[in-house]
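*Asks:* What follows is a single structure, and I will ask about it in a moment.
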Amino acid sequence: DQQVKQNSPSLSVQEGRISILNCDYTNSMFDYFLWYKKYPAEGPTFLISISSIKDKNEDGRFTVFLNKSAKHLSLHIVPSQPGDSAVYFCAASASFNAGGTSYGKLTFGQGTILTVHP
Amino acid sequence: NAGVTQTPKFQVLKTGQSMTLQCAQDMNHEYMSWYRQDPGMGLRLIHYSVGAGITDQGEVPNGYNVSRSTTEDFPLRLLSAAPSQTSVYFCASSYSAAFRRNTIYFGEGSWLTVV
């Protein structure tokens, strides 16, 4: 059962326009959400995150929106640049306590291939 | 990909062979993990470790073993390779598993083909 879903395998956008990548989740225990970016032949790199107590987090051209009632989050990239072309993974974490320390396990979505055309 | 080194980068195995994917990090991170990436499946957690001597299973642990004898190293062993284990494997580490405060760093990946 896929707890984190990215239903769009690919997205194509013109340079300068907005890219919107979507992610849905089913586990109501998820309390922290992250976006990772991955170039070919490289490992994923952290992009931006949001806690479940917030509904928006912004970092430069990247903004993540969280709609808890809909169990939906989205990543907005404005303006999109050709260098943004990559695979974007949504990930979610549910905290649990072990030995008095809070831990999380990351569950990833399938990824969305973003292509930004010059 | 700061400080997480995976070897080998590419490997072809025959069904039934065993091998070890090596992972080392030089950031003194307590948390290390292994993921596999398959088309349409995203990244799935195989095993993880929250410190030396402590390991636990992730989402897809069958057919894999891990150990954590030192903070720096977290090898992934394929006991008897099967074609279903053809995948790209990523090792990742973080200062701790408290992801709210600590970024997780990934290695560059190991491409494994089992024929």
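The values are calculated or read from the model by the stated rules, or taken from the named source; none is laboratory data. In this text, all values refer to a predicted model and were calculated from it rather than measured experimentally. Virtual Cβ from ideal backbone geometry, glycine too; neighbours counted across all protein chains shown. Accessible surface areas use protein heavy atoms only, side chains included; no ligands, DNA or RNA. Shrake-Rupley method; radii C 1.70, N 1.55, O 1.52, S 1.80 Å.
*Asks:* For region A:50-64, state whether one or more residues are facing chain B (nearest Cβ under 8 Å) and either surrounded by fewer than 16 Cβ atoms within 10 Å (Cβ to Cβ) or within 23 Å of B:Tyr35 (Cβ to Cβ) (or both).
*Replies:* Yes, because at least one residue in region A:50-64 is facing chain B (nearest Cβ under 8 Å) and either surrounded by fewer than 16 Cβ atoms within 10 Å (Cβ to Cβ) or within 23 Å of B:Tyr35 (Cβ to Cβ) (or both).
*Asks:* How many residues are assigned to a loop (DSSP other than H, G, I, E, B), open to solvent by 50 Å² or more (accessible area, probe 1.4 Å) and under 20 Å from B:Thr15 (Cα atoms) when one looks only at region B:61-77?
*Replies:* Qualifying residue count for the region: 1.
*Asks:* What's the number of the only condition in (1) more than 10 Å from every other protein chain (Cβ to nearest Cβ); (2) at pLDDT 95 or above; (3) open to solvent by less than 50 Å² (accessible area, probe 1.4 Å) that B:Lys14 fails to meet?
*Replies:* B:Lys14 satisfies all of (1) more than 10 Å from every other protein chain (Cβ to nearest Cβ); (2) at pLDDT 95 or above; (3) open to solvent by less than 50 Å² (accessible area, probe 1.4 Å) except (3).
*Asks:* Then there is this: When you scan region B:19-60 for strands (runs of 3 or more DSSP E) that lie fully inside it, which ones turn up with 3 or more residues that are among the hydroxyl-bearing types (Ser, Thr, Tyr)?
*Replies:* By residue number, B:31-38.
*Asks:* Could you list, in sequence order, the residues of region A:40-90 that are small (Gly, Ala, Ser), under 30 Å from B:Ser87 (Cα atoms) and at pLDDT 95 or above?
*Replies:* Kept after step one, since they are small (Gly, Ala, Ser), are these residues of region A:40-90: A:41, A:43, A:49, A:51-52, A:60, A:69-70, A:74, A:80, A:83, A:85-86.
Remaining after also requiring under 30 Å from B:Ser87 (Cα atoms): A:41, A:43, A:49, A:74, A:83, A:85-86.
Hits for region A:40-90 are A:Ser74, A:Gly83, A:Ser85, A:Ala86.
*Asks:* Separate question: Considering each of B:Ser33, B:Ser49, B:Ser96, B:Ser110 in turn, give the residue that is open to solvent by 10 Å² or more (accessible area, probe 1.4 Å), touching a strand residue (DSSP E or B) at 6+ places or on another chain (Cβ under 6 Å), within 14 Å of chain A (Cβ to nearest Cβ) and in contact (Cβ under 8 Å) with a residue 12 or more places away in the chain.
*Replies:* B:Ser96
*Asks:* OK, next. Out of the residues in region B:82-96 that are in a loop (DSSP other than H, G, I, E, B) and more than 15 Å from the chain's Cα centre (by Cα), which is modelled with the lowest pLDDT?
*Replies:* Filtering first and then ranking leaves B:Ser96.
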